[in-house]
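Scroll down for the structure; my scribbles are underneath it.
The values are calculated or read from the model by the stated rules, or taken from the named source; none is laboratory data. Just so you know, these numbers come straight off a predicted model, no measurement behind them. Positions of Cβ are backbone-derived with ideal geometry, glycine not excepted, and every protein chain shown enters the neighbour counts. Ligands, DNA and RNA are excluded from the accessible area calculation, which covers all protein heavy atoms including side chains. Shrake-Rupley method; radii C 1.70, N 1.55, O 1.52, S 1.80 Å.
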Amino acid sequence: MSDPGTTGAPANPKPPMALLAELTYRCPLACPYCSNPTEMTGRKAELTVEQWADVFGQAAALGVLQVHISGGEPASRRDLEEITQAAVEAGLYTNLITSGVGLTAKRLKALDAAGLDHVQLSIQGVDAAAADEIGNYRGGFERKMAVAGWVREIGFPLTLNAVMHRRNLDRLEETIALAVELGARRLEVACVQFHGWATLNRGGLMPTREQAVRARDTVAAARERLRGVLVIDFVPPDYYARYPKACMGGWGSVGLNVTPDGQVLPCHAAASIEGMSFERVQDRGLKEIWRDSAAFNAFRGDAWMQEPCRSCERKTLDRGGCRCQAMAIAGDAAATDPTCSKSPHNAALRAAAEADAVSGAALIYRESPA
Amino acid sequence: MSAGTTLPDQARPVLLRGVRTHWDAVRGNWVLLAPERAIALDEIGAAILAETDGETPFGEIVERLAAKYKAPPEQIATDARRFLTALIDRRMVEALP
Ligand code: SF4
Ligand code: SF4
């Protein structure tokens, strides 16, 4: 079936490096850009500690080196400490991805005893008013500052994750200063990606083109100034870029995601692709799912690509961009990512982004499942 | 530090907390695990980090590796300094005075 010059999915794909373990979709915050699906399963469907321990063991045997323990808010699970310990015992490097809400000094000490390697703390803004407007949770900012203090006392390496959008991009310098002040080693400046709940909030969150340009310059200058002090990772707003961002090192290439109820996804947004079905860890081994499942093989190799990607010299670099964005905007997950200037949908996408950036739309908050 | 990180001979490099080497049995090589990063190490990288203990001065690490690999110390010093200063810039290694 494949053209000369294209390759299908390999029979034996390289092993994955990273596992995103979404322990729960429950979260006390309600960020309007949450990447969780808009339809979420509740507590009753969540995997148990024993099931997670089994997943971690299988993941390590498959070649996974790092686990990102995430959610929702992972601290919403009272057995987070036990789950973390199970990941450590499987030999995985453990990253906790948290909003901080639900963590106490005592719980952090227990996580330290369990062997947790690293804490990534999200911030929604640089002060209480700004942060709590986005998280829609009063007192959230104060709690985060307390968590950052405890993290520092214990000595965990700290990464600050700041999702940036129209409402806070003008305070990027202050965000960087806060990361330094809190003693973070890394800062992720992640311009909002329009997946999950964020798709409902284009009007409320879309940055302007000027903000996008300024953010890039601000980050470049700060990286130079803070070399050896703070490492800054930058995810630019792709709606204004010429080419799309590369899909996470490639679909089914680097990582996999296990949802709270045990579904195994090639990426956290993959559930948005209509017609794609996912296997569950309760039904099949992780290795078989990684190697053989239809979802993982759907976009491996490049025989699935359409024009203009198929004959584009950049296809090995960006792999045609984001499949979920292609689905959301072009209506076809195998299409060229519409944020690419070569996509036939690009002109409409840019016009819509520019209109969204000046719209005064109110925020639609994420809801938490029971 | 922004004016180019330096690593004097008497400084004692050490991996920061949350950064460690790990034998990757599936791929058959050493990796450096750090916050949100996994870096595959070649033989020389793994050998440098095996000596990076926060006690041994950089100059002595170089001597040990030069003896072990029967290589000229200047060459080892250049490579090891480049490797470790890059990790210092990435907040994975610290040089104790
Ligand atoms: S398909 Fe899109 S959301 Fe999923 S990993 Fe790739 S770039 Fe990210
Ligand atoms: S046409 Fe496809 S492969 Fe080429 S730059 Fe655009 S998205 Fe990437």
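Some observations on this one:
- Across segment A:262-370, Cα pairs under 8 Å and at least six residues apart give a relative contact order of 18 percent.
- Residue by residue, segment A:330-346 carries 3J(HN,Hα) couplings of 8, x, 8, 5, 9, 6, 4, 3, x, 6, 7, 5, 8, 6, x, 8, 5 Hz when phi is fed to the Karplus relation 6.51 cos²θ - 1.76 cosθ + 1.60 (θ = phi - 60°); x denotes Gly or Pro.
- For the cross-link pairs A:Lys14/A:Lys342; A:Lys106/A:Lys144; A:Lys109/A:Lys144; A:Lys245/A:Lys315; A:Lys44/A:Lys106; A:Lys287/A:Lys315, the ones whose C-alpha atoms lie over 21 Å apart are A:Lys14/A:Lys342; A:Lys44/A:Lys106; A:Lys287/A:Lys315.
- Accessible surface for the protein assembly as shown, divided over its residues, is 43 Å² per residue with a 1.4 Å probe.
- For chain A, modelled as a GNM whose springs connect Cα atoms under 10 angstrom apart, the maximal fluctuation among A:Gln58, A:Gln120, A:Gln66 occurs at A:Gln58.
- J(HN,Hα) series, segment B:5-10, from Karplus relation 6.51 cos²θ - 1.76 cosθ + 1.60, nearest Hz, glycine and proline x: 6, 10, 9, x, 4, 8
- Under a Gaussian network description of chain B, with springs only between Cα atoms under 10 Å, the residue in B:Gly59, B:Gly18, B:Gly45 that fluctuates furthest is B:Gly18.
- Over chain A, relative contact order from alpha-carbon pairs under 8 Å, at least 6 apart, %: 22 percent
- Sequence-distant residues sharing a close amide H with A:Glu73 (under 5 Å, placed H): A:Arg26, A:Cys27
- Of the beta bridges in chain A, as assigned by DSSP with both residues counted there, near 10 percent are antiparallel.
- Accessible area of chain B belonging to carbon and sulfur atoms, whole % at 1.4 Å probe: 54 percent
- Net charge dipole, segment A:308-370: roughly 280 debye, given to the nearest 20, about the Cα centre with Cβ charges of +1 for Lys and Arg and -1 for Asp and Glu.
- Less than 5 angstrom separates the built amide H of A:Asn168 from none of the residues sequence-distant by 5 or more or on a different chain.
- Rolling a 1.4 Å probe across all protein chains gives A:Glu174 an accessible area of roughly 90 Å².
- The mean number of Cβ atoms from other chains found within 10 Å of a Cβ in peptide A:226-235 is 4, as a whole number.
- Taking amide H positions as modeled 1.01 Å from N, with prolines and chain starts lacking one, the residues under 5 Å from A:Gly262 and 5 or more places away or on another chain are A:Leu47.
- Estimated 222 nm signal from helices in chain A, with DSSP H stretches of n ≥ 4 weighted -39500 (n - 2.57), rounded to 500: -9000 deg cm²/dmol
- Debye intensity ratio in log₁₀ form over the Cα atoms of the protein assembly as shown, taken at each q of 0.10, 0.13 Å⁻¹: -0.79, -1.35
- Charge dipole of chain A (Cα centre as origin; +1 on each Lys and Arg Cβ, -1 on each Asp and Glu Cβ, all else neutral): 500 debye, rounded to the nearest 20.
- Based on alpha carbons, the Rg and Dmax found for segment A:251-341 are 13.4, 42 Å.
- Accessible surface buried at the A:B interface totals approximately 2200 Å², computed with a 1.4 Å probe on protein heavy atoms.
- Build a GNM of chain B with springs between Cα atoms under 10 Å apart, and of B:Glu36, B:Glu55, B:Glu63 the one that fluctuates most is B:Glu36.
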